[in-house]
Structure formats: structure tokens, C-alpha cells
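This report concerns only the one structure given below.
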Ligand SMILES: [Zn+2]
Ligand SMILES: [Zn+2]
């Protein structure tokens, strides 16, 4: 499905072709620290086109030795995608929080559950308010 999105400040805009069956919630500790929150939700996408702005790319080497590029807005810090270190945008992992279509992209599975924050696995019992 065609998706489009933007970083929080709006300088970076993009579009891509996402696979709606590939949405994953990742509970790994890298995702917790890189997002600054409890877990990351991503979708696999093809042919990412950056329409405006230039993301800052940070290269991370995994324990496996594999390097991955993490791209984020240099101004507001929104994470946009991760992809291969050489910079190809043919196959990337998009962060669904920046996608306009995120409500139509429910996750199919959760990974790295062994490092999940136990309370983040079930928010149903926590008091709910429509606004702040
Ligand atoms: Zn921004
Ligand atoms: Zn992760």
C-alpha cells in the first residue's frame, strides 16, 4: 500500500510502498533506547522517496557485526527509517508513527518479547482519559 508521512517538524516528507502484513512491534532494548520509549512499531517498505529535507543518518554496528543505517530528522529528531548502510532506499523499515496511514497498519507480531517492559505488554488495566 502507498504510504506517506513526515517528521514532527515537517521538514522531512516522504512516500513509499509499504507491506501492511509486515508490521512488527519490537521490544528489543535498542528500540527502547533509540525511540526513547517502550517499543518501536515498524513496517517494511519499498522504494522510499524522500520528497523534502535531508535526514541525518547514523550507522549502528550490531553485535553480529552487521551495520545498519538509522535515519532521523536533524531538527526535531523524529526517527524516519532504517536501511542498509550504503544508503539504498529500495528496502527499508519505516517507523509507523510518522506515517499518515498508521491507523490502518496494525501489527501482526511482536518480537524480542524477552526484553519487553512487562507493564507495556498490557495497557488495558491502566486508567484511560480521552485527553490529557
Ligand atoms: Zn523534523
Ligand atoms: Zn528492536
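Go through the range 16-34 and give me each residue that's more than 20 Å from residue 89 (Cα to Cα) and free of Cβ contacts under 8 Å to residues at least 60 places away in the same chain.
30, 33, 34
Scanning for something in contact with a strand residue (DSSP E or B) (Cβ under 6 Å, 6 or more places away or on another chain), away from ligand 2 (no atom under 14 Å from the Cβ) and on the phi < 0 side of the Ramachandran plot, does the range 19-38 turn up at least one residue?
Yes.
So which residues in the range 50-95 are more than 16 Å from ligand 2 (Cβ to nearest atom), part of a strand (DSSP E or B) and surrounded by fewer than 15 Cβ atoms within 10 Å (Cβ to Cβ), if there are any at all?
Across the range 50-95, the qualifying residues are 51, 52, 56, 59, 91.
What number of residues within the range 49-66 satisfy the criterion of being away from ligand 1 (no atom under 16 Å from the Cβ) and modelled with pLDDT of 95 or more?
The total comes to 2.
For the range 96-120, which residues satisfy the criterion of being surrounded by 13 or more Cβ atoms within 10 Å (Cβ to Cβ), under 16 Å from residue 38 (Cβ atoms) and more than 16 Å from ligand 1 (Cβ to nearest atom)?
Answer for the range 96-120, where residues must be surrounded by 13 or more Cβ atoms within 10 Å (Cβ to Cβ), under 16 Å from residue 38 (Cβ atoms) and more than 16 Å from ligand 1 (Cβ to nearest atom): 96, 107, 110, 111, 112, 113, 115, 116, 120.
Find the residue count for the range 16-47, including only residues that are within 16 Å of ligand 1 (Cβ to nearest atom) and either assigned to a strand (DSSP E or B) or surrounded by fewer than 14 Cβ atoms within 10 Å (Cβ to Cβ) (or both).
Final tally of qualifying residues: 1.
Inside the range 74-115, can you point out the residues that are over 21 Å from residue 17 (Cβ atoms) and in contact with a helix residue (DSSP H, G or I) (Cβ under 9 Å, 6 or more places away or on another chain)?
110, 112, 113, 115
The values are calculated or read from the model by the stated rules, or taken from the named source; none is laboratory data. Computed from a predicted model, the values in this text were never measured in an experiment. Cβ: placed from backbone, ideal geometry, glycine included. Neighbour counts: every protein chain shown.
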